[in-house]
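Engineer: Submitted below is the structure of interest, expressed as structure tokens.
The values are calculated or read from the model by the stated rules, or taken from the named source; none is laboratory data. For clarity, every value in this text was computed on a predicted model and none was experimentally measured. Every residue, glycine among them, receives a Cβ derived from its backbone with ideal geometry; neighbour counts consider all protein chains shown.
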Protein chains: 2
Amino acid sequence: MTSIKDIALHCGVAISTVSRVLNNHPDVSQETRERVLHAVESFNYIPNTSARNLVRSSSDTIALLVKGVSNPFFSKLIKVIDREITLCGYTLELHQMDTSENELRIGAQLANERKLIGILFLGGRFNYSPEEMAMIHVPSVFCTYTNTFGTLDAGTYSSVAIDDKQAARDAVNTLVALGHRRIAILTDNENDNSISELRFQGYKDALREHDIPFDPNLVACTGTFSDMKAIYKATSSLIQRGGNFTAIFAIADLMAIAAIKALSDHGKRVPQDCSVVAIDGLDLSEYTLPTLTTLVQPTEEIGLACARTIIELIKHPDKHRQYTFETVLRPGGSIRAIQE
Amino acid sequence: MTSIKDIALHCGVAISTVSRVLNNHPDVSQETRERVLHAVESFNYIPNTSARNLVRSSSDTIALLVKGVSNPFFSKLIKVIDREITLCGYTLELHQMDTSENELRIGAQLANERKLIGILFLGGRFNYSPEEMAMIHVPSVFCTYTNTFGTLDAGTYSSVAIDDKQAARDAVNTLVALGHRRIAILTDNENDNSISELRFQGYKDALREHDIPFDPNLVACTGTFSDMKAIYKATSSLIQRGGNFTAIFAIADLMAIAAIKALSDHGKRVPQDCSVVAIDGLDLSEYTLPTLTTLVQPTEEIGLACARTIIELIKHPDKHRQYTFETVLRPGGSIRAIQE
């Protein structure tokens, strides 16, 4: 088996140089780095980090616990987080949960079992209590959500999220500015103490600000963020109920895509017969017909903030911070102005 | 802190019964199982599997090493694999790699570091050598690929995949049956010793079988499976080159979606001006405009086969098997018959 000494000899460098390259230290010239990595590759050398881990007092593993991994917004976010965590010399371990599972319980169990040094929760509930949080004995960050419906003190948790209520308000305002007043909403759930409830509140707030009466008949609940069939069905019943709406605010891009399909299958063209606006800003929805008009979440920035917050927190466990990002409208072809 | 004894006392059952419930043993009545799980939930009890792991000689962790996690076909597959592995009492740990990384090297390193009992490689190369495979000292399964371009003996590896060449042939045959002869291909790469090369070969085979001359001018390489912008660009140059094609075979659904957008932006409607067929069968592409005609990979069956093959292999390390699944055409609205 090839040893680190063989690699060093082959490259004509010190063993410590090989080690620095393997541990991503910056103080190695680009040329040496490439030469070492090339030798590592050709000799099939496997660094013995296992031994290194035994010497260390703890692991270097941060877990990312994801609820709803089929959410394409998360796919990109996970990529950014993974890249940054790895770049900073930690190991990221991904675990998936069903939306019905209790992320805190699973987090607590994994932290014990796998000697985690930190946990990133992706896509959790907005309503933790201090008693629940007491289960988690390692630094943790709530990614894409805050504790709006919970009882945690702001000084006791860290979060990275967008302002969901504001994003929903912006979406509705965009439609109102174009003359729409009969605006339907496509949401997962009206009162799940979670992301859908917040966006639903933002929708209602925006209507109120424009003196548009809230009409429960214009609310379509999908019960899901990603099951296209269920979203299609919910939109179809919304259409069949009548309600005379001229626009739909879908709380996520995927919902908007299924909604546009349902509208089309019911003979309603987007945007001629119905405008559609969403929140997410997936790459994908720039390539749908029509291009989706959507409020873009700054995925890169959110991902970096998640990674850096947990790393900071591991170093300084009491330095809690809540980051809030803004969404930006990406103009598309799915909305149009109307005269009433 | 709540102990397993507290749970047993509360439920009026033996400690061993609680343990059986927690370890998913089948010999517990549904009623008892629910009562125990309810108590576990209300007491915030965290099973001490950490201690259990110390007693065991090895971990129960199977790693899933994914190349290209933003591939939406993989998202669903990962879900199925994760569910089955967990159901069978093992822990699945997900690790992402860039497409440029060497999955075998990373697998070997992780197997050492994390005391893995098995590895599922998802989305790897088709050209391993016995020397490379010698790095991997734990049971492993190649998921979604085989060793077509490699030098491994069939008795020395396990794989679960579709017949990529045949799927591509089926896609092209579908178009030929409708009268198309000027058929372009949208592929990642012509000769990457991987999935794209196999599907490209299937495309060329089908043309040959129908005495249609291969025209390099009708080949558009995207260099990616998931970067929509790059796929859109590759399709745009294909359109600008002329070539007078009446149909496009895209080797993946996402490619087809970006291609349809590019065609539309160049004034070409699908299917009126150009037919489009793909391979994957994503849920998503049933909800695009038009509905994508695509060869469906049986995701559920593939995922179950991946999970069960690695579990079998962990028990019987020499029982290698290669599973091949068939794709099935899902009719859509993106192809039409033409007269020549």
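Engineer: Could you give every pair whose Cβ atoms fall below 8 Å, whose first residue belongs to the stretch B:314-340 and is outside the structural domain of residue B:89 (by TED's automatic domain parsing) and within 13 Å of residue B:291 (Cβ to Cβ), and whose second residue is of a type in the set (Gly, Ala, Ser) and part of a helix (DSSP H, G or I), counting only separations of at least 6 or pairs across chains?
Structural biologist: As it stands, the answer is B:332/B:285; B:334/B:256, since those pairs meet every condition given.
Engineer: Further question on the same structure: Search the stretch B:81-93 for residues being in a loop (DSSP other than H, G, I, E, B) and touching a helix residue (DSSP H, G or I) at 6+ places or on another chain (Cβ under 8 Å), and hand back the single one that is farthest from residue B:305 (Cα to Cα).
Structural biologist: B:90
Engineer: Moving on. Hey, can you tell me all the residues within the stretch B:287-340 that are among the β-branched types (Val, Ile, Thr), within 15 Å of the chain's Cα centre (by Cα) and within 22 Å of residue B:176 (Cβ to Cβ)?
Structural biologist: Correct list: B:296, B:327.
Engineer: Specify the residue that is farthest from the chain's Cα centre (by Cα); the eligible residues are those in the stretch A:249-285 that are assigned to a helix (DSSP H, G or I) and among the hydroxyl-bearing types (Ser, Thr, Tyr).
Structural biologist: A:264
Engineer: I want to confirm something. Restricting to the stretch A:295-336 and keeping residues that are under 30 Å from residue A:264 (Cβ atoms) and within 14 Å of chain B (Cβ to nearest Cβ), which single residue is surrounded by the fewest Cβ atoms within 10 Å (Cβ to Cβ)?
Structural biologist: This residue is A:333.
Engineer: To continue, here is another question. Would you pick out the residues in the stretch B:213-235 that are within 12 Å of chain A (Cβ to nearest Cβ) and either surrounded by fewer than 24 Cβ atoms within 10 Å (Cβ to Cβ) or more than 20 Å from residue B:180 (Cα to Cα) (or both)?
Structural biologist: B:224, B:226, B:227, B:228, B:229, B:230, B:231, B:232, B:233
Engineer: Which residue, of A:175, A:186, A:152, is of a type outside the set (Phe, Trp, Tyr), buried (at least 18 other Cβ atoms within 10 Å of the Cβ) and out of contact with any strand residue (DSSP E or B) (no Cβ under 8 Å at 6 or more places or on another chain)?
Structural biologist: Numbers: A:175 fails: out of contact with any strand residue (DSSP E or B) (no Cβ under 8 Å at 6 or more places or on another chain); A:186 fails: out of contact with any strand residue (DSSP E or B) (no Cβ under 8 Å at 6 or more places or on another chain).
A:152 is the lone residue from the list that is of a type outside the set (Phe, Trp, Tyr), buried (at least 18 other Cβ atoms within 10 Å of the Cβ) and out of contact with any strand residue (DSSP E or B) (no Cβ under 8 Å at 6 or more places or on another chain).
Engineer: Give just the number: which of (1) under 21 Å from residue A:74 (Cβ atoms); (2) away from chain B (no Cβ under 13 Å) does residue A:245 not satisfy?
Structural biologist: It is condition (1) that residue A:245 fails.
Engineer: Of all residues in the stretch B:149-203, which are assigned to a loop (DSSP other than H, G, I, E, B) and within 30 Å of residue B:315 (Cα to Cα)? Before you say what the answer is, go through the steps one by one.
Structural biologist: Going residue by residue through the stretch B:149-203, those that are assigned to a loop (DSSP other than H, G, I, E, B) are B:149-153, B:157, B:163, B:178-182, B:188-194.
Within the stretch B:149-203, B:149, B:150, B:151, B:152, B:153, B:157, B:163, B:194 qualify.
Engineer: With respect to residue A:91, is the statement that it is of a type in the set (S, T, N, Q), surrounded by fewer than 24 Cβ atoms within 10 Å (Cβ to Cβ) and closer than 25 Å to residue B:91 by Cβ true?
Structural biologist: Working: of a type in the set (S, T, N, Q): yes; surrounded by fewer than 24 Cβ atoms within 10 Å (Cβ to Cβ): yes; closer than 25 Å to residue B:91 by Cβ: yes.
When the stated conditions are applied, residue A:91 passes them.
Engineer: Can you tell me which residue within the stretch B:94-106, out of those that are farther than 27 Å from residue B:304 by Cβ and at the interface with another protein chain (Cβ under 8 Å from one of its Cβ atoms), is surrounded by the fewest Cβ atoms within 10 Å (Cβ to Cβ)?
Structural biologist: B:102
Engineer: While we're here: May I ask you to verify whether residue A:206 is hydrophobic (A, V, I, L, M, F, W, C), in contact (Cβ under 8 Å) with a residue 40 or more places away in the chain, part of a helix (DSSP H, G or I) and in contact with a helix residue (DSSP H, G or I) (Cβ under 7 Å, 6 or more places away or on another chain)?
Structural biologist: Details: hydrophobic (A, V, I, L, M, F, W, C): yes; in contact (Cβ under 8 Å) with a residue 40 or more places away in the chain: no; part of a helix (DSSP H, G or I): yes; in contact with a helix residue (DSSP H, G or I) (Cβ under 7 Å, 6 or more places away or on another chain): yes.
Spelling it out, it is not the case that residue A:206 is hydrophobic (A, V, I, L, M, F, W, C), in contact (Cβ under 8 Å) with a residue 40 or more places away in the chain, part of a helix (DSSP H, G or I) and in contact with a helix residue (DSSP H, G or I) (Cβ under 7 Å, 6 or more places away or on another chain).
Engineer: Taking residue B:163 as meeting all but one of (1) out of contact with any Ser or Thr (no Cβ under 7 Å at 6 or more places or on another chain); (2) of a type outside the set (Ser, Thr, Tyr); (3) touching a residue at least 12 places away in the same chain (Cβ under 8 Å); (4) surrounded by fewer than 20 Cβ atoms within 10 Å (Cβ to Cβ), write down the number of the exception.
Structural biologist: Going through the list (1) out of contact with any Ser or Thr (no Cβ under 7 Å at 6 or more places or on another chain); (2) of a type outside the set (Ser, Thr, Tyr); (3) touching a residue at least 12 places away in the same chain (Cβ under 8 Å); (4) surrounded by fewer than 20 Cβ atoms within 10 Å (Cβ to Cβ), residue B:163 breaks only (1).
Engineer: Report, by residue number, each residue of the stretch A:107-127 that is within 12 Å of another protein chain (Cβ to nearest Cβ) and either farther than 18 Å from residue B:94 by Cβ or not aliphatic (A, V, I, L, M) (or both).
Structural biologist: Listed by number, the residues that qualify are A:107, A:108, A:109, A:112, A:113, A:114, A:115.
Engineer: For the stretch A:69-80, what are the residues that are closer than 13 Å to residue A:121 by Cα and either of a type in the set (Lys, Arg) or at the interface with chain B (Cβ under 10 Å from one of its Cβ atoms) (or both)? Quick ask: steps written out before the conclusion?
Structural biologist: First, pick out the residues of the stretch A:69-80 that are closer than 13 Å to residue A:121 by Cα: A:69, A:74, A:77-78.
Correct list: A:69, A:74, A:78.
Engineer: Filter the stretch A:94-117 for residues that are among the β-branched types (Val, Ile, Thr), within 22 Å of residue A:161 (Cβ to Cβ) and either part of a loop (DSSP other than H, G, I, E, B) or not assigned by TED's automatic domain parsing to the domain that holds residue A:144 (or both) and give the result.
Structural biologist: Of the stretch A:94-117, the ones among the β-branched types (Val, Ile, Thr) are A:99, A:106, A:117.
Subset that is within 22 Å of residue A:161 (Cβ to Cβ): A:99, A:106.
Across the stretch A:94-117, the qualifying residue is only A:99.
Engineer: Looking only at the stretch A:218-265, which residues are of a type in the set (S, T, N, Q) and under 24 Å from residue A:193 (Cβ atoms)?
Structural biologist: Going residue by residue through the stretch A:218-265, those that are of a type in the set (S, T, N, Q) are A:222, A:224, A:226, A:235-237, A:240, A:244, A:246, A:264.
Residues satisfying the conditions are A:222, A:224, A:226.
Engineer: Suppose we filter A:142, A:126 for residues that are touching a Gly at 6+ places or on another chain (Cβ under 9 Å) and at pLDDT 95 or above; which single one remains?
Structural biologist: Exactly one of A:142, A:126 is touching a Gly at 6+ places or on another chain (Cβ under 9 Å) and at pLDDT 95 or above, namely A:142.
Engineer: Is it the case that the stretch A:284-294 has a residue that's surrounded by fewer than 24 Cβ atoms within 10 Å (Cβ to Cβ) and among the small types (Gly, Ala, Ser)?
Structural biologist: The answer is no, given that none of the residues of the stretch A:284-294 is surrounded by fewer than 24 Cβ atoms within 10 Å (Cβ to Cβ) and among the small types (Gly, Ala, Ser).
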